[in-house]
Amino acid sequence: MTRRHASLAGLVAVAAALLMPQLACAQNYPTRPIRLILPFGPGGVADVTARIVTEKLGEKLGQRFIIENMPGAGGITAARAVLSSPPDGYTLALLSNGTAISVSLFKSLNFNPVTDFAPISSMGTFDFIFVTKSGSPYGTLADFIKAAKAKPGTLNVGTINVGSTQNLAAQLFKSTAGVDVTIVPFRSSPDVLIALLRGDIQIAIENFTSVQSHIADHAVAAVASSGPVRTGFMPDVPTVKEAGGGDFEARSWNAIFAPKGTPPEIIKTLNAALREVLDDPTLKQRALELGIEAKASSPEEILGRLKDDIGKWADVIDRAGIAKQ
């Protein structure tokens, strides 16, 4: 054997020795509790989704999942916590369409969700609901669009804070429906509903959990859903596109990602477990009652969705002239 071949053989042996512990850990994974870090506070749709799914996921994998809520602008705090952890599958991140929005909404995000994370699978998607006060002149979204075009600049659409998916959905609606309406941001969902019931705004765009009880009490009426097809939790409500709102689609999603460098075997194990858990009819029904359509994906599919949403919302933010934070 030549000196060069001996040197190469030595390097291969060293590399193999270094990889052996990592491969052994991946094959035995998981052997201890797993952290899932959320960039949101407790009680919201993302938090509820994560708790429903990880409860079953923990049963499937034989290890407990610990949910850690780390809210903060742009998800920076949560992302740092995950990316500073070893890529061993024991610290995972929940990313969402909000992560895609943050790429264009913040001057300095300090992380790149496309290149710094390894995608695992989606957990679920959910549509937003366009609601109006019961008994208002706008019994359908088509009525609202017609009135907005007849009297430009006189009608108001309420959402939570600037840069939220609901707020950007309103901006997108203005463009696709071709209407001149005023978008009024509020600090919280309860504030949006109060303004709607008081008549300060004529339409509100909210997630299902925020308006569910008000719809049941007939205080507000759902006039459209924001997805490409009618949502499973309100199949009788037309989509914005069906109601004459143009080529409109605004869906929210939640997904699980790991730090870049996590062994492929661990990604595969988590993806397979999520597919089985999210295909369970009982879990699907439980999620649907909360306005969530539980669905797994391949790592490639959710990465593609992240990339697509980064481009989509960057364009909406730019056209709306929303200043970077």
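The values are calculated or read from the model by the stated rules, or taken from the named source; none is laboratory data. As the structure is a computational prediction, the values presented were derived from the model and not from experiment. For neighbour counting, all protein chains shown are included, and Cβ atoms are generated from backbone atoms with ideal geometry for every residue, glycine included. Side chains are part of the model used for accessible areas, which takes the heavy atoms of the whole protein and leaves out ligands, DNA and RNA. Shrake-Rupley method; radii C 1.70, N 1.55, O 1.52, S 1.80 Å.
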- So which residues in segment 100-110 are without any contact (Cβ under 8 Å) to a residue 60 or more places away in the chain and surrounded by fewer than 20 Cβ atoms within 10 Å (Cβ to Cβ), if there are any at all? Ser108, Leu109, Asn110
- Item | Of all residues making up segment 226-256, the number that are more than 18 Å from Thr49 (Cβ to Cβ) and either among the hydroxyl-bearing types (Ser, Thr, Tyr) or more than 20 Å from the chain's Cα centre (by Cα) (or both) | 12
- Note on the structure: A careful count of residues in segment 53-82 that are hydrophobic (A, V, I, L, M, F, W, C) and more than 20 Å from the chain's Cα centre (by Cα) gives 1
- Message: Considering only residues that are open to solvent by 40 Å² or more (accessible area, probe 1.4 Å), touching a helix residue (DSSP H, G or I) at 6+ places or on another chain (Cβ under 7 Å) and in a loop (DSSP other than H, G, I, E, B), which ones fall in segment 233-274?
- Response: Gly244, Asp247
- Looking only at segment 164-187, count how many residues are within 13 Å of Gly321 (Cβ to Cβ) and touching a Gly at 6+ places or on another chain (Cβ under 9 Å). 2
- Message: Tell me whether segment 230-251 contains one or more residues that are hydrophobic (A, V, I, L, M, F, W, C) and free of Cβ contacts under 8 Å to residues at least 24 places away in the same chain.
- Response: no
- Message: Is it the case, given these coordinates, that Asp217 is of a type outside the set (Gly, Ala, Ser), over 26 Å from the mean Cα position of the chain (by Cα) and within 28 Å of Leu283 (Cα to Cα)?
- Response: yes
- Test Thr125 against the stated conditions and say whether it is within 29 Å of Ala272 (Cα to Cα) and in contact with an Asp or Glu (Cβ under 6 Å, 6 or more places away or on another chain). yes
- Message: Here is a list: Asp88, Asp47. Which entry is touching a Leu at 6+ places or on another chain (Cβ under 7 Å) and either of a type outside the set (Ser, Thr, Tyr) or at pLDDT 95 or above (or both)?
- Response: Asp47
- Query: Considering only segment 295-321, how many residues are modelled with pLDDT of 95 or more, small (Gly, Ala, Ser) and surrounded by 15 or more Cβ atoms within 10 Å (Cβ to Cβ)?
  - Reply: 3
- Message: So, Lys324, is that one over 29 Å from Thr31 (Cβ atoms), in a loop (DSSP other than H, G, I, E, B) and charged (D, E, K, R) or not?
- Response: yes
- Message: For segment 28-63, give me the residue count where each residue is loosely packed, with under 14 Cβ neighbours inside 10 Å and either among the polar types (S, T, N, Q) or under 18 Å from Ala258 (Cα atoms) (or both).
- Response: 4
- Scanning segment 64-90 for residues that are out of contact with any Asp or Glu (no Cβ under 9 Å at 6 or more places or on another chain), among the polar types (S, T, N, Q) and farther than 19 Å from Lys324 by Cα, which turns out surrounded by the most Cβ atoms within 10 Å (Cβ to Cβ)? Ser85
- Cβ-Cβ below 8 Å, separation at least six or inter-chain, first residue in segment 171-185 and at positive phi, second open to solvent by 60 Å² or more (accessible area, probe 1.4 Å) and charged (D, E, K, R): which pairs? Gly178/Lys149
- Item | Criterion violated by Phe106 - all others in (1) under 20 Å from Gly321 (Cβ atoms); (2) touching a Ser or Thr at 6+ places or on another chain (Cβ under 6 Å); (3) of a type in the set (Phe, Trp, Tyr) satisfied | (2)
- Of the conditions (1) open to solvent by 10 Å² or more (accessible area, probe 1.4 Å); (2) of a type outside the set (Val, Ile, Thr); (3) at positive phi, Gly291 fails just one. Which one is it? (1)
